[in-house]
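The values are calculated or read from the model by the stated rules, or taken from the named source; none is laboratory data. All figures in this text were calculated on a predicted structure; none of them were measured in a lab. Every residue, glycine as well, gets a Cβ built from its backbone with ideal geometry; the counts of neighbours run over all protein chains shown. To get the accessible areas, we keep the full protein, side chains included, count just its heavy atoms, and leave off ligands, DNA and RNA. Shrake-Rupley method; radii C 1.70, N 1.55, O 1.52, S 1.80 Å.
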Amino acid sequence: MKIAVTIAGRQAKDSAFVVWRGFEESIRKAAAYGYDGVELALKSAGEIDRRELRRWLDETSMEVSCITTGQVFADLGLYFTHPDPIQRAKVKDVFRGLIDLAAEFGGLINVGRTRGFIAPGQDRSETEALFMDTARALCDYAAGKDVQIVIEAVNRYEINFINRLDQGAALLEKTGRVNCGLHADVFHMNIEDDRLGESLIRNGKWVRYVHLADSNRLAPGLGHLDFDEILEALGKIAYDGWVSMEMLPGDDPDAMAKKAIDFIKPKVEAYNRAFAGREEPA
Ligand code: LER
Ligand code: MN
């Protein structure tokens, strides 16, 4: 398991849930604080210079954990379930660019609010059909590039479609693409799911990426979530991917990023020691 922190470009909208802005500076800071990687919030592939990105990562021995696409929705207004095929073609276009970028950096693309919503007058089955149409096309494109797409369950106060891991897993079963998985964000799960650990275990087959924040969306350790329960559940599903700190920056983003890594790193190190010593299932 590796630890990342979310970052964005300087121009990203306030709704980008990132601790730091400015790619180069954030990558250098994250490395200095002891993170293994950064999650890039992008609205299009053209927002970042690939050669520069490669240089910053090489110089700091950092990785990209995932490319996150909330800004495609919040800034460009594009989403998977739009009833207009022209708008769906536009979101596919933007995603193909991001998938090409992910093929070089990290191999993972998140779909949060960009999955879309149940619009007034639309019913759930229509929304699901539109979602599957876009998701299948993009998963098929991503499969050829060895990229995985992860759908994030997001709480009801932000969107009315795919709020719980169970709902995401059911839709992924129907979508039927092996390179499309679930992105579990424990902040949202704390609002929507029953028991965090049980939900992670129940949906373990699909969990491919994890966002961590505490119950108040601050650094883990500053609220009342039980991170031992979460890590124990991740151990039970043999999760060996990223945990990415997606939290509000507060008045002092540097202090928030430091509290998060100081709290989670010893737990992740213990997790990794146990993981290395585990017996392979027969
Ligand atoms: C994004 O990762 C997230 O968790 C949402 O709350 C914002 O879309
Ligand atoms: Mn999240």
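Just a few scattered comments:
- First in the range 56-68 and surrounded by 23 or more Cβ atoms within 10 Å (Cβ to Cβ), second anywhere and aromatic (F, W, Y) and assigned to a strand (DSSP E or B), Cβ under 6 Å, 6 or more apart: S65/W242; C66/Y209
- You will find that of I149, I162, the residue that is β-branched (V, I, T), under 23 Å from L40 (Cα atoms), within 13 Å of ligand 1 (Cβ to nearest atom) and not in a helix (DSSP H, G or I) is I162 and no other.
- Scanning the range 133-163 for residues that are surrounded by fewer than 19 Cβ atoms within 10 Å (Cβ to Cβ) and not charged (D, E, K, R) yields A137, Y141, A143, G144, N155, Y157, N160.
- For the residues D123, D194, D93, D166, the requirement of being free of Cβ contacts under 8 Å to residues at least 24 places away in the same chain, open to solvent by 20 Å² or more (accessible area, probe 1.4 Å) and within 27 Å of G223 (Cβ to Cβ) singles out D194.
- Boolean, I67 is β-branched (V, I, T) and either outside any helix (DSSP H, G or I) or on the phi > 0 side of the Ramachandran plot (or both): yes
- Which listed residue is open to solvent by 70 Å² or more (accessible area, probe 1.4 Å), over 16 Å from A4 (Cα atoms) and modelled with pLDDT of 95 or more, from D228, D240: D228
One line per residue, one yes/no per condition, for (1) open to solvent by less than 10 Å² (accessible area, probe 1.4 Å); (2) free of Cβ contacts under 8 Å to residues at least 60 places away in the same chain; (3) closer than 19 Å to G116 by Cβ; (4) within 16 Å of ligand 1 (Cβ to nearest atom):
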position	(1), (2), (3), (4)
N179	no, yes, no, no
L182	yes, yes, yes, yes
A213	yes, yes, no, yes
G235	no, yes, no, no
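- Residue check, R115 within 24 Å of V243 (Cα to Cα), touching a residue at least 12 places away in the same chain (Cβ under 8 Å), basic (K, R) and open to solvent by less than 30 Å² (accessible area, probe 1.4 Å): yes
- Residue within the range 112-124 that is more than 16 Å from ligand 1 (Cβ to nearest atom) and part of a helix (DSSP H, G or I) present: yes
- Residue count for the range 1-49, restricted to those that are touching a residue at least 24 places away in the same chain (Cβ under 8 Å) and part of a strand (DSSP E or B): 13.
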